[in-house]
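Engineer: Structure provided below as structure tokens; questions to follow.
The values are calculated or read from the model by the stated rules, or taken from the named source; none is laboratory data. Every value quoted in this text rests on a predicted model; they were computed, and no experiment measured them. Positions of Cβ are backbone-derived with ideal geometry, glycine not excepted, and every protein chain shown enters the neighbour counts.
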């Protein structure tokens, strides 16, 4: 099977789902063997291992690599199998079917393009069958083949096949999954797996192999570009953005939008290793590229076309399956992994739970393990949001509590768009640019962001550095809690949301200072990485994160304002370092450990760094356009 252009079709990732013991792994084992993708020597090893253990041979042993699985004949982890076929390349994802292993099923299916749903002809449609079909909808898989397996147990009955097919067709249609083909199968003996069955002459349709190789991805949105940024590599002074093209194509010269910052840039180059002269990349390609200008891009951002871009939002409506041991309730705070972005969200509203049997919705005050629910999630940071009805691949998410995955699903809608109004504004540009300001001042503007625990020495360093910079003729100003809280943040308290808003305001003001050519030194605890990242996006490449490092014991021993003492006494709530969390920078531009060096030496270290990053290159002209 080739595409109209004659090119080999793109690789297809197919998740194989169904109730435990309905024969998923057996079906995959037969597929591997009957397509020549199973090494005969490996097959003999598996047979011999079963004989040594006095366990009858099963085709599922081809996949069940874990000892516990062989003993219990049940798949407890996802397995990925690559099939190289004349028609196209397939990746089959064998997902666990038992209720206890739904977590692995959700995470295993999260990367699938399409599905193969396996149902036991003798047992019929089970609760778990309905649950797995609903989970496919949850993760945005809309295209499926249904294999009605173990037809040998019902004497290859055409009537039984038709009964289950009709029941499944109605259920899948209500959920919104398009069942492309229903295939009667006896996987153990290979009937209709790859070759037509002599036992079911009444069936003249496709084999399982032909049906799944003819599937198309339900995630491949045509046209509008999507790349979730995996990371940014540095090569000399270049920043190479890397990710996978989830939709559309990207080419040199294209204008793109970076979300959620909504900054536009143009593609300068497509990078490859070794260089091959490529100037474009398409759906499914892993790609590296550079942008012109000084746009800041970080892991978790989404690159798109300016038209049809993801919506910026801090609230989303989502459908999810809950996997946590404790019930989900309003007010719960969790990590949200969406695309390549990790954000922190609060459950604002539990809207409804979906009944697995009837697929009807009901109101609820809590969501229990394995329940499917619709909820509203509120993020403390702006997210770039796609929906299941648009770019389903980037609408998928998982919820995290500590190190545990406790849920997964898809975004149904973005409920607010805090930056959308700015797209309708027409900016009035300054009549001179940053280069001209830098030429006049003799240095570039910058945001020097000092973060660390209370009493780590941030304000002391900021004031010492400001003094020295001023003496040397630099335009500089310190922003800290005292001068911000007295005016710009005078309406804010110290609750979590207020502290985040305070840092947002400081970040925007500091970015304006830098744009004006001033070196803004911001000295704030800023305990949350997401808040600092938002400040970085505001200032772009002018932002420099400095971690003023000191252990909590050292800071508490200093305690210049008595805050640690008050926190210990319980009179100061949510104090960072005692009862409040602090998230250290994972990759700061500079680390200054004030527990081992003196304030003058620490200030000298900071000063040397600032002068280096704001220094003009030799021979810099008044303006790039002058």
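Engineer: Checking the structure you have, find out if any residue of the range 235-247 is touching a residue at least 24 places away in the same chain (Cβ under 8 Å), out of contact with any helix residue (DSSP H, G or I) (no Cβ under 6 Å at 6 or more places or on another chain) and part of a helix (DSSP H, G or I).
Structural biologist: No: the range 235-247 contains no residue that is touching a residue at least 24 places away in the same chain (Cβ under 8 Å), out of contact with any helix residue (DSSP H, G or I) (no Cβ under 6 Å at 6 or more places or on another chain) and part of a helix (DSSP H, G or I).
Engineer: Could you figure out which of (1) surrounded by fewer than 24 Cβ atoms within 10 Å (Cβ to Cβ); (2) within 27 Å of residue 35 (Cα to Cα); (3) under 37 Å from the mean Cα position of the chain (by Cα) isn't true of residue 146?
Structural biologist: Status for residue 146: all satisfied but (1).
Engineer: Can you name the number of the only condition in (1) closer than 30 Å to residue 553 by Cα; (2) crowded, with 18+ Cβ neighbours inside 10 Å; (3) at pLDDT below 90 that residue 414 fails?
Structural biologist: If we test residue 414 against (1) closer than 30 Å to residue 553 by Cα; (2) crowded, with 18+ Cβ neighbours inside 10 Å; (3) at pLDDT below 90, just (1) comes out false.
Engineer: Another question, then. Note down all Cβ pairs under 8 Å where the first residue falls in the range 403-417 and is more than 15 Å from residue 348 (Cα to Cα) and assigned by TED's automatic domain parsing to the domain that holds residue 371, the second is part of a loop (DSSP other than H, G, I, E, B) and modelled with pLDDT of 85 or more, and they're at least six residues apart or on different chains.
Structural biologist: 404/324; 406/324; 407/324
Engineer: If you don't mind, another one. I'm trying to understand the selection: among the residues of the range 197-219, which are in contact (Cβ under 8 Å) with a residue 60 or more places away in the chain and either buried (at least 18 other Cβ atoms within 10 Å of the Cβ) or in contact with a helix residue (DSSP H, G or I) (Cβ under 9 Å, 6 or more places away or on another chain) (or both)?
Structural biologist: Within the range 197-219, 208, 209, 211, 212, 213, 215, 217, 218, 219 meet the criteria.
Engineer: Ok, one more. Please pick out the residue among 257, 336, 291 that is under 30 Å from residue 130 (Cα atoms), touching a strand residue (DSSP E or B) at 6+ places or on another chain (Cβ under 6 Å) and touching a residue at least 12 places away in the same chain (Cβ under 8 Å).
Structural biologist: When all the criteria are applied, what remains is 336.
Engineer: Mind telling me which of the residues 121, 115, 169, 144 ends up being in the same structural domain as residue 204 (by TED's automatic domain parsing), touching a strand residue (DSSP E or B) at 6+ places or on another chain (Cβ under 9 Å) and within 25 Å of residue 369 (Cα to Cα)?
Structural biologist: Just one listed residue meets the conditions, 115.
Engineer: Can you pull out the helices (runs of 4 or more DSSP H) entirely within the range 458-570 that have at least 1 residues that are out of contact with any strand residue (DSSP E or B) (no Cβ under 9 Å at 6 or more places or on another chain), at pLDDT 90 or above and not assigned by TED's automatic domain parsing to the domain that holds residue 382?
Structural biologist: In the range 458-570, 458-471, 496-515, 552-558 are the helices (runs of 4 or more DSSP H) which contain 1 or more residues that are out of contact with any strand residue (DSSP E or B) (no Cβ under 9 Å at 6 or more places or on another chain), at pLDDT 90 or above and not assigned by TED's automatic domain parsing to the domain that holds residue 382.
Engineer: Which residues, taken from the range 371-396, are surrounded by fewer than 22 Cβ atoms within 10 Å (Cβ to Cβ) and touching a strand residue (DSSP E or B) at 6+ places or on another chain (Cβ under 7 Å)?
Structural biologist: Passing the criteria: 371, 374, 376, 378, 379, 380, 381, 387.
Engineer: Please determine, by comparing only the residues of the range 340-358 that are within 20 Å of the chain's Cα centre (by Cα) and over 16 Å from residue 413 (Cα atoms), which one is surrounded by the most Cβ atoms within 10 Å (Cβ to Cβ).
Structural biologist: Per the criteria, the residue is 341.
Engineer: Please find, among 162, 205, the residue that is more than 18 Å from residue 18 (Cβ to Cβ), modelled with pLDDT of 80 or more and outside any loop (DSSP other than H, G, I, E, B).
Structural biologist: 162
Engineer: How many residues does the range 184-196 contain that are part of a loop (DSSP other than H, G, I, E, B) and crowded, with 21+ Cβ neighbours inside 10 Å?
Structural biologist: Here the count works out to 3.
Engineer: Taking the range 25-48 on its own, how many of its residues are modelled with pLDDT under 80 and surrounded by 21 or more Cβ atoms within 10 Å (Cβ to Cβ)?
Structural biologist: Of the residues in the range 25-48, 1 are modelled with pLDDT under 80 and surrounded by 21 or more Cβ atoms within 10 Å (Cβ to Cβ).
Engineer: I need the full set of residues from the range 167-183 which are within 15 Å of residue 141 (Cβ to Cβ) and outside any helix (DSSP H, G or I), in order please.
Structural biologist: 176, 177, 178, 179, 180 - these are the residues of the range 167-183 that are within 15 Å of residue 141 (Cβ to Cβ) and outside any helix (DSSP H, G or I).
Engineer: Being surrounded by fewer than 18 Cβ atoms within 10 Å (Cβ to Cβ), out of contact with any strand residue (DSSP E or B) (no Cβ under 9 Å at 6 or more places or on another chain) and under 21 Å from residue 340 (Cβ atoms): is that true of residue 284 here?
Structural biologist: no
Here is a yes/no grid of residues against (1) at negative phi; (2) modelled with pLDDT of 90 or more; (3) surrounded by fewer than 17 Cβ atoms within 10 Å (Cβ to Cβ):
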{"residue": "268", "(1), (2), (3)": "yes, yes, yes"}
{"residue": "276", "(1), (2), (3)": "yes, no, yes"}
{"residue": "303", "(1), (2), (3)": "yes, yes, no"}
{"residue": "318", "(1), (2), (3)": "yes, no, no"}
{"residue": "324", "(1), (2), (3)": "yes, no, no"}
{"residue": "330", "(1), (2), (3)": "yes, yes, yes"}
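Engineer: Inspect all residues belonging to the range 436-457 and state whether any of them is assigned to a helix (DSSP H, G or I), closer than 27 Å to residue 551 by Cβ and assigned by TED's automatic domain parsing to the domain that holds residue 549.
Structural biologist: no
Engineer: Also: Which is closer than 22 Å to residue 143 by Cα and not in a strand (DSSP E or B), of 393, 324, 331?
Structural biologist: The conditions single out 393.
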